1. Check Trp236, Trp219 and return the single one that is surrounded by fewer than 16 Cβ atoms within 10 Å (Cβ to Cβ), among the hydrophobic types (A, V, I, L, M, F, W, C) and at pLDDT 95 or above.
2. Does the range 52-68 contain at least one residue that is within 20 Å of Ala127 (Cβ to Cβ), hydrophobic (A, V, I, L, M, F, W, C), out of contact with any strand residue (DSSP E or B) (no Cβ under 9 Å at 6 or more places or on another chain) and modelled with pLDDT of 95 or more?
3. Answer yes if at least one residue in the range 158-168 is over 25 Å from Asp188 (Cβ atoms) and surrounded by fewer than 21 Cβ atoms within 10 Å (Cβ to Cβ), and no otherwise.
4. Check every one of the helices (runs of 4 or more DSSP H) wholly within the range 192-267 and list those with 1 or more residues that are acidic (Asp, Glu).
5. Regarding the range 116-137, can at least one residue be identified that is among the β-branched types (Val, Ile, Thr), closer than 24 Å to Thr189 by Cβ and at pLDDT 95 or above?
6. In a loop (DSSP other than H, G, I, E, B), more than 15 Å from Met278 (Cα to Cα), at pLDDT below 95 and out of contact with any Lys or Arg (no Cβ under 9 Å at 6 or more places or on another chain) - does that describe any residue in the range 88-104?
7. List every residue pair whose Cβ atoms lie under 6 Å apart, where the two residues are 6 or more positions apart in sequence or sit on different chains, the first residue falls within the range 202-221 and is on the phi < 0 side of the Ramachandran plot and in contact (Cβ under 8 Å) with a residue 24 or more places away in the chain, and the second residue, located anywhere, is surrounded by fewer than 23 Cβ atoms within 10 Å (Cβ to Cβ) and polar (S, T, N, Q).
8. I need a count of the residues in the range 268-303 that are surrounded by fewer than 16 Cβ atoms within 10 Å (Cβ to Cβ), outside any loop (DSSP other than H, G, I, E, B) and not acidic (Asp, Glu).
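The values are calculated or read from the model by the stated rules, or taken from the named source; none is laboratory data. Remember, it's a predicted structure, so these values are computed and weren't measured experimentally. Positions of Cβ are generated from backbone atoms using ideal geometry, with glycine treated the same way; all protein chains shown enter the neighbour counts.
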Amino acid sequence: MQRRSFLKNSLLTTAAVAAGASVANASGDHPAARKFKMKYAPHFGMFEQSAGKDLIDQLKFMADQGFTAMEDNGMMGRTPEMQSKIGETMAKLGMTMGVFVVSYDNWPLSTSLTSGDKEWRDKFVKACHGAVETAKRVNAKWMTVVPGNFDRRLPLGIQTAHVVESLRRGAEIFEPHGLVMVLEPLSDTPDLFMRYSDQTYLLCKAVNSPSCKILFDMWHMQRNEGRMTVNMDLCWDEIAYFQIGDEPGRNEPTTGEVNYKNLFKHIHDKGFTGILGMEHGNSSKGKEGEMAVIRAYEEVDSF
């Protein structure tokens, strides 16, 4: 073949391959070029307008957008068949399962674990056993736990001891499976027993188990205590998971007052390679609102 003909054919072949790749990427058959530095985890419903209501289609859309993790608070409420399907799909997509909530009756609206009541402790233990089975189906490692509300009939130290005792029971269940319950201090109401990172750190130290760590939700912590990088550093050896939400509004980063680019850089520079759950709403509706969420993460991930 003459050199001129060879070059011409090579150029045509290269153009055809490029065009084919472009079409394949547009159809979602290949992973998106977007690569986030961190494992941000959307949740079901966040991209429903773009992906549709089917949960498997939503997972595929998340992966196509470059997300490598997903979390689902309500996973224990899904059928075992759906849990298995979600786990199998995530494995095929190369996605990591984030947290789901260890749920038990009326969680977290009652006094629950703070009272020391045997009925509540038994419910919690039963829920932990159920969480192990759910975790197996979805290839999960982390499960969210909160102790519930204050029991204002009892001194704080007694309530704390009751919570520690119950959490130790949970840790005994999770440890043989390599699972981790992550304790989440919350800001929703002053009635909640566990609200601050230092308090949660104390509980983890008292339980003294690799299966009991902190979920540091930055939306809740901004509302409750602020000084997030300082408090992260103080609690660092017990933090296993982060969650995200800007304040005010609890929507995607860049919509409120929290400097998430700095926070993510701080977390990244400390060597964190785990999941950051996107436990927030979308500030705008529709497909455009969903695309705005993705653009926000591109912006704050550019540290």
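1. Every option except Trp236 fails the conditions.
2. no
3. yes
4. Helices (runs of 4 or more DSSP H) meeting the threshold: 197-207, 228-235.
5. No, there is no match, as no residue in the range 116-137 is among the β-branched types (Val, Ile, Thr), closer than 24 Å to Thr189 by Cβ and at pLDDT 95 or above.
6. Among the residues of the range 88-104, at least one is in a loop (DSSP other than H, G, I, E, B), more than 15 Å from Met278 (Cα to Cα), at pLDDT below 95 and out of contact with any Lys or Arg (no Cβ under 9 Å at 6 or more places or on another chain), which makes the answer yes.
7. What qualifies is His220/Ser187.
8. 4
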